[in-house]
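One structure is given below, encoded as structure tokens.
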Amino acid sequence: MTVTTNVDGISNRLLDLVPAAGSPQTRKDFTSDQEVRWCPGCGDYAILATVQGFLPELGLARENVVFISGIGCSSRFPYYVDTYGMHSIHGRAPAIATGLAVSRPDLSVWVVTGDGDALSIGGNHLLHALRRNVNVKILLFNNQIYGLTKGQYSPTSEQGKITKSTPMGSLDRPYNPVSLALGAEATFVARSVDSDRAHLTSVLRAAAKHPGTALVEIFQNCNIFNDGAFDQLKDRTTREDHTLRLNHGEPLVFGVDSDRAIIRAADGSLAVGAATDPAVVVHDARATDPTHAFALSRLTGDSADVTPIGVFRDVDVPAYDELVNNQVTEATDRFGDGDLMALLNSGDTWSVD
Amino acid sequence: MSEQVREKETRQVDRVVIRFAGDSGDGMQLTGERFTSETASFGNDLSTLPDFPAEIRAPAGTPAGVSGFQLHYANHDILTPGDAPNVLVAMNPAALKANLKDLPRGADLVVNTDAFTGGNLKKAGYATDPLSDGTVDDFHVHRVPLTSMTIKAVNAAEGTDGLNKKESERAKNMFALGLMSWLYHRPTEGTVTFINRKFGKLPAVAAANIAAFRAGYNYGETTESFSVTYEVAPARMAPGTYRNISGNVALSYGLVAAAELTGLPLFLGSYPITPASDILHELSKHKNFNVRTFQAEDEIAGVGSALGAAFGGALGVTTTSGPGVALKTETLGLAVSLELPLLLVDIQRGGPSTGLPTKTEQSDLSMAVLGRNGEAPLPVVAARSPSDCFHAAIEAARLATKYRTPVILLSDGYLANGSEPWLLPSRESLPDIKVTFATEHNHTAADGSTEFWPYLRDPETLARPWAVPGTPGLEHRIGGLEKADGQGTISYDPANHDKMVRLRRAKIDGIASDIEPLEIEDPSGEAKVLVLGWGSTYGPIAAGCRRVRARGMKVAQAHLRHLNPFPANTGDVLRAYDRVLIPEMNLGQLLTLIRARYLVDAIGYNQVRGLPFKAAELEGVLEDVINQ
Ligand code: SF4
């Protein structure tokens, strides 16, 4: 276990408001005494281990870290991390986290949610957290199924899925969380895979560095109700040919032999071509216009036989909580500290002797 | 101009009820508010009742689009905005149509004759002109060409160049205000100052409004239509400093005060909804009090963000009306389970569903007390008058923070928009409700080590410790799943659940001993009938009681601030009377709670017309019950 305190220089102007740990931390510091109760083999275990392994690297005072979740298998997550935490109600974690983050800039606030929690019942809150750019980090465990309610299709399940509630196949068209987030002009959007510890850690690191809302979609295997949903991206034999690793400033090349690439077609859209093509696109996660990131998000196993993982977009604009607190400071500078009795006596008053 | 020599007869009266009515775009609310300010600064006691349509610009000229403002003021303390107007100002035929039924015979009626055109009569639903077909024969009619005289006055005034006819005409409400200010001897300086301030950036508009206001005032003096003016002497009120205040502003100030008194920063998470939005507007002006206001994406996010802020140690508040309470219900349940302080302010309006957004009702009481899944008790507090909203907010915050519980504070549309003079409290008179957070471990494990148990209760209040993030050593996880008594970890144990359900109930029930006992007002000490009320019916009930007492009958009055739990002496009070009458602006929600809890065969009197009870109406009801 590596023990570090912020050696990688994970910092930003908002993270700097959170007190640092007094001494080096280990994964154990972030492990609660609660017995973990996911199904054996569930992808959530790997994600938990990666997050617990990453948190010491952040180097924040443990008591200033908060995990908030909604309802679902993934939402049990806060019970297992020895920080402050709240297991709230279905879909509402982003709203609750917003109130906490806005009123406590000295906290590092994380939301743990799933595809049903964030994209179905809580879709509205997710959208608004993303567009406001509240300083919370949202980890969206996408297993493309409802686990806790025992196997109904979710808003990310593929059309035609046979589940308990859709014996003749699901009819809804699924949506793509990354496209959705980019449509809301989220300032940080990334994707990773539960089992790829190194990659997930790198994405968590980038998310933590980002001042504002970070949405991290994590493909998570539900081995009970939707086993193997992401096998193409996990199986050693297929992985490299179907995974596009996004690295800012680098050409979008992939494949076992690095011979395939993303090229810009004549109509401006992105397509898969040869790595030798002069039209190979260089990834720019910092572009203010989300068009490039959105075009990348449209590449999927179904549409292009390749799925991008990594950071799609990472742009720095003022965070909502920053702006709220700036107004409080500005009002105080302008009008002085509030004086209750002066407030009550404001307006037209008169005296009776 | 108020110093002018008066040539007309002045009559002294004890009280006046005046109603302004016009199109929603005619500025009637502003006119009413200005008249109220003039009256307040003169030292009368007063009570107001704005009444406006839900649409911002309802179809012009139709009775549905009429906006009204009623003001009752007197030389003595008064309790209601008045039953029937002594004078009605009708700016157009629709306003006449919508309000004439409330006007008693012989009352003064001021009509803007310019608006009584064929088209307007038709829109109002008049087949013939009511001013000439006998409709208004029973009243003292003053026919005033208000629009044309306004335009003339504006054109003649200096500094109004560049205004077109429509813009000039818009000042006609100030003409009406000027005329009424003359008729009732109101001071006028405040209004001139107000106009200059309001239209500071539009000097021509300011000049037009002042010209119209003065012209209206002078018109009274010169026209032969008015032979008498009225004077109401200032009321004898308790010494101190006063201001006029509406319920929503008082409630906002109460929240700011509660934040200061608890020592917590105020966080308001809210979604705009009539008639609660003004609290969001008001609080957003006071960020220098370390107030954060968050206009959320929906009602659920409003309460969710407030709960999140409360988890972080803020005074978390959400403001809404009935439909919003329905949406916030699940989060209230979570707050009950988390045992965190949270304030939900419900400015009740007519229901069900969207109902009557701008009309008042008391029909959310059952929902407030009982409307959650599972056994989810929480304290319910209600304000009784506009200025009382200030104190009710502080009391709600006291209970929320002391008992670590969500609290519902009930106000309603009548209190929210109505106003009254408020004797400003001193800083020292406000309660000390300072909050302390947990900072230490509170439990010793078997091996002698210490730890933090988030659900270990204070033996007296049964409240759990409030440990906020950032406190080292007290890291803990809480959630909506049932928790083990004390330790607070997830527990599905049947006996533990039974215990926790009872503990949460006992905690709320225990508040009964920490609140003021129910007070009885019975000057005779011999009454056999008790009227029990809650919320905004306080004024009309008290006024009704005064009326029957003045006629030699005996009646006792008690009014509940706390609807859950009830004060400890409630049962004894109820059982001390032969008959208990409970008037409510719903179909008997308190009545049901009282009957179920105390097995007292109370009698309900109920109406849901969207308007407060009238004193005369309750007088009649009381008389019937007393003589039963
Ligand atoms: S149901 Fe699926 S997602 Fe839920 S714990 Fe089991 S394996 Fe994991």
query = For the range B:358-374, how many residues are touching a strand residue (DSSP E or B) at 6+ places or on another chain (Cβ under 8 Å) and either part of a helix (DSSP H, G or I) or closer than 25 Å to B:HIS497 by Cβ (or both)?
reply = 3
remark   = By my count, strands (runs of 3 or more DSSP E) wholly in the range A:208-312 with at least 1 residues that are within 16 Å of the ligand (Cβ to nearest atom) and open to solvent by less than 60 Å² (accessible area, probe 1.4 Å) are A:214-219
query = Do we find a residue being over 22 Å from the mean Cα position of the chain (by Cα) and either surrounded by fewer than 20 Cβ atoms within 10 Å (Cβ to Cβ) or more than 16 Å from the ligand (Cβ to nearest atom) (or both) anywhere in the range A:172-193?
reply = yes
remark   = Selection from the range A:88-113 of residues open to solvent by less than 10 Å² (accessible area, probe 1.4 Å) and within 16 Å of the ligand (Cβ to nearest atom) yields A:VAL112, A:THR113
inquiry  = I'd like the full set of residues that are within 7 Å of chain B (Cβ to nearest Cβ), of a type in the set (Gly, Ala, Ser) and open to solvent by 30 Å² or more (accessible area, probe 1.4 Å), limited to the range A:332-353.
reply    = A:GLY347, A:SER351
key: Selection count where residues are under 30 Å from B:GLU375 (Cβ atoms) and open to solvent by 20 Å² or more (accessible area, probe 1.4 Å), scope the range B:516-532   = 2
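Do you know which residues across the range A:36-68 are within 22 Å of B:LEU338 (Cβ to Cβ) and within 14 Å of the ligand (Cβ to nearest atom)?
A:ARG37
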inquiry  = Can you say whether B:ARG214 is over 30 Å from B:VAL435 (Cα atoms), open to solvent by 10 Å² or more (accessible area, probe 1.4 Å) and either within 14 Å of chain A (Cβ to nearest Cβ) or part of a strand (DSSP E or B) (or both), as far as the supplied structure shows?
reply    = no
note = Looking across the range B:278-308 at residues that are in a strand (DSSP E or B) and touching a Leu at 6+ places or on another chain (Cβ under 6 Å), the single one that is surrounded by the most Cβ atoms within 10 Å (Cβ to Cβ) is B:VAL291
remark   = Exactly one of B:GLY269, B:GLY313 is open to solvent by less than 10 Å² (accessible area, probe 1.4 Å) and in a loop (DSSP other than H, G, I, E, B), and that one is B:GLY313
task = Would you mind stating whether B:GLU451 is within 12 Å of chain A (Cβ to nearest Cβ) and open to solvent by 50 Å² or more (accessible area, probe 1.4 Å)?
result = yes
Matching residues in the range A:156-171 - criterion: being in contact with a strand residue (DSSP E or B) (Cβ under 8 Å, 6 or more places away or on another chain) and either within 16 Å of the ligand (Cβ to nearest atom) or not in a strand (DSSP E or B) (or both) = A:THR156, A:SER157, A:THR163, A:LYS164, A:SER165, A:SER170
key: So B:ARG547, is it surrounded by fewer than 21 Cβ atoms within 10 Å (Cβ to Cβ), part of a helix (DSSP H, G or I) and in contact with an Asp or Glu (Cβ under 9 Å, 6 or more places away or on another chain)   = yes
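Return yes or no: is B:PRO472 assigned to a loop (DSSP other than H, G, I, E, B), under 30 Å from B:THR360 (Cβ atoms) and within 11 Å of another protein chain (Cβ to nearest Cβ)?
In short, no.
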request  = Run down A:THR329, A:THR243, A:THR276 and say which single residue is farther than 28 Å from A:GLU217 by Cβ, of a type in the set (Val, Ile, Thr) and either touching a helix residue (DSSP H, G or I) at 6+ places or on another chain (Cβ under 7 Å) or within 14 Å of another protein chain (Cβ to nearest Cβ) (or both).
outcome  = A:THR329
ask   = Of the residues that make up the range B:234-252, is at least one open to solvent by less than 10 Å² (accessible area, probe 1.4 Å), within 11 Å of chain A (Cβ to nearest Cβ) and under 24 Å from B:LEU307 (Cβ atoms)?
value = yes
query = Among all residue pairs at least 6 apart or on different chains, which show Cβ distances below 9 Å where the first residue, located in the range A:85-108, is at positive phi and the second is aliphatic (A, V, I, L, M) and open to solvent by 20 Å² or more (accessible area, probe 1.4 Å)?
reply = A:GLY91/A:ILE71; A:GLY91/A:ILE121; A:GLY91/B:ILE300
request  = Give the number of residues within the range A:26-45 that are surrounded by fewer than 19 Cβ atoms within 10 Å (Cβ to Cβ) and of a type in the set (Gly, Ala, Ser).
outcome  = 2
ask   = Do any helices (runs of 4 or more DSSP H) lying entirely in the range B:557-628 carry at least 1 residues that are buried (at least 22 other Cβ atoms within 10 Å of the Cβ) and either in contact (Cβ under 8 Å) with a residue 60 or more places away in the chain or aromatic (Phe, Trp, Tyr) (or both), and which ones are they?
value = B:589-598, B:615-626
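Just wondering, is there one or more residues in the range B:93-101 that are of a type outside the set (Lys, Arg), more than 22 Å from B:ALA542 (Cβ to Cβ) and part of a strand (DSSP E or B)?
no
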query = Within the range B:153-198, which residues are free of Cβ contacts under 8 Å to residues at least 24 places away in the same chain and part of a helix (DSSP H, G or I)?
reply = B:ASN155, B:LYS165, B:LYS166, B:GLU169, B:VAL192, B:THR193, B:ILE195, B:ASN196, B:ARG197, B:LYS198
note = Restricting the range B:476-515 to residues that are over 23 Å from B:GLU440 (Cα atoms) and in a loop (DSSP other than H, G, I, E, B), the one most open to solvent (accessible area, probe 1.4 Å) turns out to be B:TYR492
message = Can you list residue pairs whose Cβ atoms sit under 8 Å apart, with the first residue in the range A:317-338 being on the phi > 0 side of the Ramachandran plot and the second being not hydroxyl-bearing (Ser, Thr, Tyr)? Count only pairs 6 or more apart in sequence or on different chains.
response = A:GLY336/B:ASN288
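Can you tell me which residue is nearest to the other protein chains (Cβ to nearest Cβ) among those in the range A:128-155 that are in a loop (DSSP other than H, G, I, E, B), surrounded by fewer than 24 Cβ atoms within 10 Å (Cβ to Cβ) and within 13 Å of the ligand (Cβ to nearest atom)?
Taking the candidates together, the pick is A:LEU148.
The values are calculated or read from the model by the stated rules, or taken from the named source; none is laboratory data. Bear in mind that the values here come from a model prediction, so they are computed numbers and not experimental data. When we count neighbours, we look across all protein chains shown, and the Cβ atoms used for this are built from the backbone with ideal geometry, even at glycine. Only protein heavy atoms, including side chains, enter the accessible area calculation; ligands, DNA and RNA are left aside. Shrake-Rupley method; radii C 1.70, N 1.55, O 1.52, S 1.80 Å.
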